[in-house]
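Structure first, then comments.
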Amino acid sequence: MPGNGNDLTRLRIALTTFFALDGFVFAGWVVRIPAIKEQTNASASALGLALLGVSAGAVVTMTLTGRLCRRYGSHPVTVVCGILLSLSVALPPLTHSAPALGAVLLAFGAAYGGINVAFNSAAVDLVTALGRPIMPSFHAAFSLGGMVGAGLGGLVAGSLSPTRHLFGLTLVGLLVTAVAGRALLRHEPPVPLPPDRTHDEEHVPRRLDARTRGMVTVLGLIALCTAYGEGALADWGALHLEQDLDAHPGVAAAGYSCFALAMTIGRLTGTTLLERLGRTRTVVAGGTMAAAGMLVGSLAPSVWVALLGFAVTGLGLANIFPIAVERAGTLAGPSGVAIASTLGYGGMLLGPPAIGFMADWFSLPIALTSVAALAAVAAVIGFATRRAAVS
């Protein structure tokens, strides 16, 4: 049995809380990147290499986390990673050089990658048990947390030092993890409905044979193209607005907030969108919209037009990553989530240093157009593989 409705509802609330916390903590860090850059006296390329630590730490631990979820369960692993994420976010403001920053971001990235695999695996189990495409709602909570974290970061940027701000995030994170983690640990992962109840045999995880691994890899490539865009806007969006368009630091922080708000709106409507359009059309339309929006956001002559472009990009990217991860999880369980997530965050691995070097070679606005290019690639892959992967 999948469990009674009340149990599933409480489990959904606990998981949603962890998604929101992850977005809140991550956004709180990214809006302080300009201040940390100044503190460490890092060039654009040196900052890019330091930021590589987040994605490198995430990618290195994701496959390991998939194995830990299979052995110990996704719920305990989610709680442990929540504690580590909350503790590690306080470390960046304690550094005064780019190499030191990169080292602590490696630890932060490891916790960030671990919790993403763990709670996505738990969410896939719940989605399968419910038999409805509610995965975007969890990622909406992540985006909402990001919007709140970025907005709060913009408000306190002028009055609180990065050290005090990020230490505050540690306290909030530990408190939320204690409350939501207790609820999560009380519930066993739900058992999926049998295929004749869900009318979808694909909800039964397959063995990771060559064909299934190939399908999961394709989904990971789609996730890679879109995670590149999310990482780029998180790491470089505020700097682009502040440095290239002379925006006030508070307005610059609002750039990621606009992006996160648009993603939240897109993901809150994602279940309805998927039920009406299906996976393929959602992926193709989203990738096309994100490509157009990012061309505007990166090349706009004014702050407000750039903010509009960021918002359109957020709407476009909103549901692509959740679709890819959910599909991979239903195909291959935690192993599928780990593979797709590893490839997806490989996009973030490539993004920060690639954009940093392109910014030094050309300019930051030109570098950011690469986000539009990869969003278009995601749309093309989604359409080309519609019968095998996302139809």
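Some notes on this structure:
- Failed condition for residue 322, given (1) modelled with pLDDT of 95 or more; (2) touching a Pro at 6+ places or on another chain (Cβ under 6 Å): (1)
- Looking across the range 136-165, the residues that are touching a residue at least 12 places away in the same chain (Cβ under 8 Å), in a helix (DSSP H, G or I) and more than 13 Å from the chain's Cα centre (by Cα) come down to 137, 148, 149, 150, 151, 152, 153, 154, 155, 162, 163, 165.
- Selection from the range 120-161 of residues that are small (Gly, Ala, Ser), more than 30 Å from residue 252 (Cα to Cα) and buried (at least 24 other Cβ atoms within 10 Å of the Cβ): 121, 122, 123
- Residues (in contact (Cβ under 8 Å) with a residue 12 or more places away in the chain and either surrounded by fewer than 24 Cβ atoms within 10 Å (Cβ to Cβ) or more than 18 Å from residue 136 (Cα to Cα) (or both)) located in the range 302-329: 302, 303, 306, 307, 308, 309, 310, 311, 312, 315
- Test: residue in the range 286-298 that is part of a helix (DSSP H, G or I), on the phi < 0 side of the Ramachandran plot, touching a Pro at 6+ places or on another chain (Cβ under 6 Å) and surrounded by 24 or more Cβ atoms within 10 Å (Cβ to Cβ): yes
- Residues within the range 166-207 that are part of a helix (DSSP H, G or I) and modelled with pLDDT of 85 or more, tallied: 20
- Among residues that are part of a helix (DSSP H, G or I), in contact (Cβ under 8 Å) with a residue 40 or more places away in the chain, surrounded by 18 or more Cβ atoms within 10 Å (Cβ to Cβ) and in contact with an Asp or Glu (Cβ under 7 Å, 6 or more places away or on another chain), residue 93 is not included.
- For residue 335, the requirement of being among the hydroxyl-bearing types (Ser, Thr, Tyr), touching a residue at least 40 places away in the same chain (Cβ under 8 Å) and touching a helix residue (DSSP H, G or I) at 6+ places or on another chain (Cβ under 7 Å) is met.
- When restricted to residues that are in a helix (DSSP H, G or I), among the hydrophobic types (A, V, I, L, M, F, W, C), more than 14 Å from residue 234 (Cβ to Cβ) and out of contact with any Asp or Glu (no Cβ under 7 Å at 6 or more places or on another chain), the range 351-369 contains 7.
The values are calculated or read from the model by the stated rules, or taken from the named source; none is laboratory data. Just so it is clear, the model here is predicted, and its values are computed rather than measured. As a convention, Cβ positions derive from the backbone with ideal geometry for all residues, glycine included, and neighbour counts pool all protein chains shown.
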